[in-house]
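Undergrad: Can you keep this structure in mind? I'll have questions shortly.
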Amino acid sequence: MNDVIVIGGGLAGLATSVALAQAGVKVTLLESRPRLGGRASSFEDAATGELIDNCQHVAMGCCTNFRHFCRVTGIEDSFLRERELFFVAPPTLSANNRSRVCRFSAMPLPAPLHLAAAFLRLSYLSWREKLALARGLKALARERPETAREQNFADWLAKQRQPLNVLERFWWVVLVSALSESLDRVSVAAAQKVFVDGFLANRHGWEVWLPTVPLDELYSGQLTRWLTSHGVEVRLKSGAERLVVVNDRVTAVELRNGEHLSAQQFVLAVPQHLVRSFLPDEWQDKPPFNRLNQLETAPIASVHLWFDRPITELPHAVLVGRLSQWMFNRSRGERAQTNYYQVVISNAREVAERSQVEVIADVVSELKAIWPDAASAVLRHSRMIVEHKAVFSPLPGSDELRPAQQSPIANLQLAGDWTQTGWPATMEGAVRSGFLAAENIARLVSRDASLLQPDLPTSWLTRWWLG
Ligand SMILES: Cc1cc2nc3c(=O)[nH]c(=O)nc-3n(C[C@H](O)[C@H](O)[C@H](O)COP(=O)(O)OP(=O)(O)OC[C@H]3O[C@@H](n4cnc5c(N)ncnc54)[C@H](O)[C@@H]3O)c2cc1C
């Protein structure tokens, strides 16, 4: 009999398997698709034959559990740490100087002063607006967690009298890419998490970590090798159908091919909207399972463009005040792909309703307006991918819908970015959930049970500043 069966080979299932394998537990990992990685994966583009990511994934310095996961599995070397971000000013201000770029980097000062000069360099905000922004950041960091969870961030910003320019060119820009939701669909607590952990607490929190190889090479290739060499049985194309529950314990999982696999412990690491379908009727309507479908989701779109020549030397760019939000230059790095660029559009509800041709045309014309080299470049190939249920929406009150990893069924853990992790839907959130599920199991079999990694330490100056 297996010690543990993990169902779902996304980052949550992978982190659970890695942590348990390290604790000496025998694990079988079941994944319905032919590859691991879940929402963070790649596929072969038929026209170019290149392996491309479903969407560029970015981690940050504050993602301590994700980075620990990468370190122990040996994939950390396939990430590049960006210590400079490039903000391209909004179109109205860039008319005469098409690629006006504000460089955003830290000074050698303790947080939160490390980014003071970077904020001052955002030339598309006036002095008055920057002061209002500093006031807003301080008020946000001081907001009490109990009230922050129930409040809507757009209303909170209005109460703080944040100027429209600051709202559109700062709060919106950062939060929509981090949470993929409009500000009226984000709780104050979710916004607080992004700004405190990412920008205010520690001088390394904001740094961006980018994979230099396709996600599939990381999570399918390198991780499969790590897992199998550490005794985990990885079964791809092994879709689970249902859990067999007898006397309030899971006794087996039935696969789609009819096979039954038994184990002592089970981890369900599938997206939240699938969880109930694995359970017998009598459990489906019990909390927390009956609330899972109330978690709303938001789409993310990625536009993939292949030009006949380079369009910019920048490694990436945050495009302020445009349809295109982030540009990633994939012509660089360990696996450079020729003149290949990816544009990410989060909170993509409107984009999802429009035709691919139309959206791609709009994105290309934005890039051509920003970079002179793009204006003369010929677009060789393009495609758009919309992930309709990319992430759950961090609406006020949504935390109450997120279950703990220990389910009411004693030997069933839940894992996924949607469980109680304290994080929004991110790779960090998924890995945290996996470590927490593994911790619960390790405790049951009396092994070392502290797997969750600590957050980056908060600087003395931030602690003093926030009182
Ligand atoms: C377009 C997009 C862009 C994103 N950008 C970022 C980013 O820049 N930074 C970041 O941190 N996060 C980003 N995210 C979020 C991140 O991808 C997710 O938070 C994370 O990957 C979720 O992992 P998970 O394991 O919880 O879920 P999933 O990745 O959904 O994994 C669930 C797994 O279960 C499997 N499964 C389903 N049914 C069965 C079954 N019956 N039997 C067996 N297996 C089954 C699925 O195939 C899947 O592999 C993005 C997400 C998307 C979609």
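Undergrad: Beyond 32 Å between alpha-carbons counts as too far, so tell me which of Lys193/Lys237; Lys368/Lys389; Lys138/Lys368 fall in that bin.
TA: Violating the 32 Å Cα-Cα cut-off are Lys193/Lys237; Lys138/Lys368.
Undergrad: What is the spread of the Cα atoms of the stretch 265-415 along each of their three principal axes, largest first, in whole Å?
TA: The Cα atoms of the stretch 265-415 stretch 63, 33, 23 Å along the principal axes, largest first.
Undergrad: Could you work out the relative contact order of the stretch 106-205? I mean the mean sequence separation of Cα pairs under 8 Å and 6+ apart, divided by the number of residues, in percent.
TA: 38 percent
Undergrad: Turning to a different aspect of this structure: At a 10 Å Cβ-Cβ cut-off, how would you order Glu358, Glu143, fewest neighbours first?
TA: Glu358, Glu143
Undergrad: Semi-axes, largest first, in whole Å: what does sqrt of 5 times each Cα gyration tensor eigenvalue give for the stretch 106-205?
TA: Computed over the stretch 106-205, the values are 21, 16, 12 Å.
Undergrad: Please list 3J(HN,Hα) in residue order for the stretch 434-441, calculated via the Karplus relation 6.51 cos²θ - 1.76 cosθ + 1.60 where θ = phi - 60°; whole Hz, with x for glycine and proline.
TA: Working through the residues one at a time gives x, 5, 5, 5, 5, 4, 4, 5 Hz.
Undergrad: What list of ³J(HN,Hα) values in whole Hz, one per residue of the stretch 16-24 in order, does the Karplus curve 6.51 cos²θ - 1.76 cosθ + 1.60 (θ = phi - 60°) give from phi, with Gly and Pro shown as x?
TA: 4, 5, 4, 5, 5, 4, 5, 8, x
Undergrad: Semi-axes of the chain's equivalent ellipsoid from the Cα gyration tensor, sqrt of 5 times each eigenvalue, largest first, rounded to whole Å?
TA: Equivalent-ellipsoid dimensions as semi-axes: 38, 27, 20 Å.
Undergrad: Distance from a point 7 Å along Cα→Cβ of Glu313 to each backbone N in the stretch 362-388: keep the residues under 19 Å and list them by number.
TA: Flagged as within label range: 368, 370-377.
Undergrad: Taking Cα centroids, how far is the stretch 6-60 from the stretch 148-166 in Å?
TA: Here the answer is 37 Å between Cα centres.
Undergrad: Taking only DSSP H segments of four or more residues, each worth -39500 (n - 2.57), what value at 222 nm results for the chain once the sum is divided by all its residues, to the nearest 500 deg cm²/dmol?
TA: Helix contribution divided over all residues of the chain: -8000 deg cm²/dmol.
Undergrad: Compare the peptides 108-117, 287-296 by average per-residue count of other Cβ atoms within 10 angstrom and give them in order, highest first. Don't jump to the answer; show the numbers that get you there.
TA: Working: 108-117: 16.9, 287-296: 15.3.
Most protected by this proxy first, the peptides run 108-117, 287-296.
Undergrad: Using the beta-carbon distance between Thr92 and Leu236 and R0 = 41 Å, what value does 1/(1 + (r/R0)^6) give for FRET efficiency, to the nearest 0.05?
TA: Values: r = 50 Å, r/R0 = 1.22.
Working from the Cβ atoms, E equals 0.25.
Undergrad: For the stretch 304-318, just list the computed ³J(HN,Hα) in residue order, Karplus coefficients 6.51, -1.76 and 1.60, θ = phi - 60°, integers in Hz, with x standing in for Gly and Pro.
TA: 9, 10, 10, 9, 7, 7, x, 9, 7, 8, 5, x, 6, 7, 9
Undergrad: Output the peptides 55-65, 230-240, 416-426 sorted from most to least packed, where packing is the average of other Cβ atoms within 10 Å over each peptide's residues.
TA: So the order, starting with the most tightly packed, is 416-426, 55-65, 230-240.
Readers should treat all values here as calculations from the given coordinates under stated rules, not as data from a laboratory. Because the structure is predicted, anything quoted here is derived from the model rather than measured. We place every Cβ from the backbone using ideal geometry, glycine too, and count neighbours over all the protein chains shown.
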